[in-house]
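> Dropping the structure in here first, questions after.
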Amino acid sequence: MNATDTSLVLRTLGAGGPQALKLSTVICKLIVKVADREIDGLEKYQIVSFGRTVNGARFPDRWWPRLDKAIETGAFERMSVAAIVDVMIEHDRP
């Protein structure tokens with residue numbers, strides 16, 4: 001598993017306010033789209049726990065830098081939640 005730098009996202013969420021609310025909404029919408037199988041996005045993994053193999057899925061590492069870029073470029077101030085989600089998903093398409 002890669003060590004992903006999520007510090008900017010976490011600092012933004014921790015600061016609260018309108019940008020944090022919009023960021024958390026984007027993260028939730030991305031996960032909902034994946035759960036609704038509109039896109040194939042979560043990273044699959046397996047761990048062994050108490051001798052049993054457990055399958056899981058997590059927020060993909062490739063989305064963290066995209067969220068960082070959206071924060072750094074001011075996308076949350078000038079774009080809608082739907083537009084940010086669409087851009088992130090569009091980068092996942094071949």
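The values are calculated or read from the model by the stated rules, or taken from the named source; none is laboratory data. Nothing here was measured: the structure is a model prediction, and the numbers come from that model. No Cβ is skipped: glycine too gets one built from the backbone with ideal geometry, and neighbour counts run over all protein chains shown. For accessibility, only protein heavy atoms count, side chains too; no ligands or nucleic acids. Shrake-Rupley method; radii C 1.70, N 1.55, O 1.52, S 1.80 Å.
Conditions (1) within 12 Å of VAL26 (Cα to Cα); (2) out of contact with any helix residue (DSSP H, G or I) (no Cβ under 6 Å at 6 or more places or on another chain), marked per residue:
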{"residue": "PHE59", "(1), (2)": "no, yes"}
{"residue": "LEU67", "(1), (2)": "yes, no"}
{"residue": "ILE71", "(1), (2)": "yes, no"}
{"residue": "PHE76", "(1), (2)": "yes, no"}
{"residue": "MET79", "(1), (2)": "yes, yes"}
{"residue": "ASP86", "(1), (2)": "yes, yes"}
{"residue": "HIS91", "(1), (2)": "no, yes"}
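> When you go through (1) more than 15 Å from LEU8 (Cβ to Cβ); (2) under 11 Å from the mean Cα position of the chain (by Cα); (3) at pLDDT below 90 one by one for ASP61, which number turns out not to apply?
(1)
> Let me ask something else. When you go through ARG78, ARG66 one by one, which is the residue that is free of Cβ contacts under 8 Å to residues at least 12 places away in the same chain and basic (Lys, Arg)?
From the options ARG78, ARG66, the qualifying one is ARG78.
Quick grid of which residues meet (1) at pLDDT 85 or above; (2) under 19 Å from LEU13 (Cα atoms); (3) assigned to a strand (DSSP E or B):
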position: THR53; (1), (2), (3): yes, no, yes
position: ARG66; (1), (2), (3): yes, yes, no
position: GLU77; (1), (2), (3): yes, yes, no
position: VAL85; (1), (2), (3): yes, yes, no
position: PRO94; (1), (2), (3): no, no, no
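> List pairs: first in segment 21-35 and among the β-branched types (Val, Ile, Thr), second open to solvent by 40 Å² or more (accessible area, probe 1.4 Å), Cβ under 6 Å, 6+ apart or cross-chain?
VAL34/LEU42
> Only residues that are in a helix (DSSP H, G or I) and surrounded by fewer than 15 Cβ atoms within 10 Å (Cβ to Cβ): list them for segment 1-30, please.
SER7, LEU10, ARG11, GLY14, ALA15, GLY17, PRO18, LEU21, SER24, CYS28
> Can I ask one more? Please go through segment 38-94 and pick out each residue that is hydrophobic (A, V, I, L, M, F, W, C), open to solvent by 90 Å² or more (accessible area, probe 1.4 Å) and touching a strand residue (DSSP E or B) at 6+ places or on another chain (Cβ under 9 Å).
VAL48
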